[in-house]
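Notes follow once the structure below has been shown.
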Amino acid sequence: MRQFSVTESKLCGAIQLPSSKSQSLRAILLGSLGAGRTTIKNCPPFEGTLSMIEACCSFGAKIHIEGSTVQIEGVGGRILQTENVIDAGNSGIVLRFCTAVGALASKPVVITGDYSIRHQRPMKQLLKGLRELGVQADAMRGDEYAPVILKGPLRPGTAFIEGSDSQPVSALLIASAFAEGPVEIFVENPGEKPWVDMTLGWLDFLQIPYVNHSYEHFRLQGRALYNGFDYAVPGDLSSAAFPIAAALITGSELLVKNIDLDDSQGDKEFIFNLQKMGAHFTINRQAQTLLIKKGNILRGKTIDMNNCIDAITTLAVVGCFSIGETKIVNARVAREKECDRIKCMATELKKMGGDIEELEDGLVIRQSKLSGGMLNSYNDHRMAMSLALAAMGAKGPSIIGPVDCVGKTFPTFARDFSALGANIREIS
């Protein structure tokens, strides 16, 4: 088991963001559903992208990887069966999206994943929506988690789902585009809207028509067919949170590269929330850079995290280094990620001396002097990296593990931060 050993640090220099996991996974899936050849550039073989590639190959796509370029021969919108059981690994997107796409097939499809997928990622709403569209869709253990078994095809009709988690909504939108006729989706309590916007942006790009009434009612006409496309994956704005927060926590000057604030990724709102707390950035949209200068004084605010939910672990750390009280609200869905990020982040920061209170839908964090400690990542990549940031601003050494999970989105995290001057190294 690999771990991070981290001590108090100062940073300087420039860092290049890795490619967006969320955009990569959508590009691979939609390229596989297209007709003809798709070329995706800047798509490194992360754990999640490999899981999606294997799933799409099982659906019948032919995929070739050369470095960070992925070449796909798509299936033309027709899923007949799967070659094998689909293993989503640790990816909620692969689990939900491929479950919905697998429902297009007329023969049984089985989808499973790792322990977190089988115990932490609920499937109840997506399975309910698929059943309402004529699919036999069941959790094989009789609960609301994977493994799930499906037998389509998904038929024209109407589905009703609860939408606080955006992934089931996005999954149904994608699958419904390929149904044999019109589909209507009614969504109660729509949340994480920027992530739904990301999916809708792909439908726009592929010229797939739809109607969106306030994220509560969608209509798609089905029978989507489009040619393959060329796409370059932008930088991951979720991963941008880590170097930006690290610079603020350690009082360092840092340049972040490959940061496209015009992309649809929701986690760019994290940057705007930090500005509300007093952070000052120099943003060059043309060069796609963001400069954090020294001397920022952060003050706690009440932050609605629903539009940038993946940044909750990072903001919790920033709150410890901000004057006054930081209150994170509207983040209930964070309890259903790779781990219960609300509970787990409160537990680990308390070990370090953090003054932090757990709410049902968020956290209250007060300015704290953190000390190093033995910290648990819960096999969650964002937990591991956020705790590493906390350790960079803490007195005394910290050991964080396991950290193999970091490969899901930022495999060069330790190396890149070490190059910036961080006192971080991987140990066994």
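Things to note:
- Every residue from the stretch 347-399 that is within 23 Å of Cys308 (Cβ to Cβ), in a strand (DSSP E or B) and touching a residue at least 60 places away in the same chain (Cβ under 8 Å): Ile365, Arg366
- Some residue of the stretch 418-428 being in contact (Cβ under 8 Å) with a residue 60 or more places away in the chain, part of a helix (DSSP H, G or I), closer than 29 Å to Ser22 by Cβ and of a type in the set (Asp, Glu): no
- Residue within the stretch 170-188 that is part of a loop (DSSP other than H, G, I, E, B), in contact with a strand residue (DSSP E or B) (Cβ under 8 Å, 6 or more places away or on another chain) and surrounded by 23 or more Cβ atoms within 10 Å (Cβ to Cβ) present: yes
- Within the stretch 314-325, residues that are farther than 14 Å from Ala388 by Cβ sit with their Cβ atoms under 8 Å from residues that are in a helix (DSSP H, G or I) and among the β-branched types (Val, Ile, Thr), at 6+ positions apart or across chains, in these pairs: Phe321/Ile249.
- In the stretch 285-300, residue nearest to Asp355 (Cα to Cα) [restricted to those that are modelled with pLDDT of 95 or more and surrounded by 13 or more Cβ atoms within 10 Å (Cβ to Cβ)]: Gly300
- Unique residue being crowded, with 21+ Cβ neighbours inside 10 Å, in the same structural domain as His381 (by TED's automatic domain parsing) and touching a Pro at 6+ places or on another chain (Cβ under 6 Å) when the list is Ser239, Ser252: Ser239
- Within the stretch 320-366, considering residues that are buried (at least 22 other Cβ atoms within 10 Å of the Cβ) and acidic (Asp, Glu), the one nearest to Gly401 (Cα to Cα): Glu348
- Residue in the stretch 323-330 that is hydroxyl-bearing (Ser, Thr, Tyr) and at positive phi present: no
- Hey, Gly191 touching a residue at least 40 places away in the same chain (Cβ under 8 Å), part of a loop (DSSP other than H, G, I, E, B) and in contact with an Asp or Glu (Cβ under 8 Å, 6 or more places away or on another chain) or not: yes
- The test for being more than 25 Å from Glu216 (Cα to Cα), in contact with an Asp or Glu (Cβ under 9 Å, 6 or more places away or on another chain) and touching a residue at least 24 places away in the same chain (Cβ under 8 Å) does not hold for Gly77.
The values are calculated or read from the model by the stated rules, or taken from the named source; none is laboratory data. Just so it is clear, the structure is predicted and the values come from calculations on it, not from any experiment. Backbone-built Cβ (ideal geometry, glycine too); neighbour counts: all protein chains shown.
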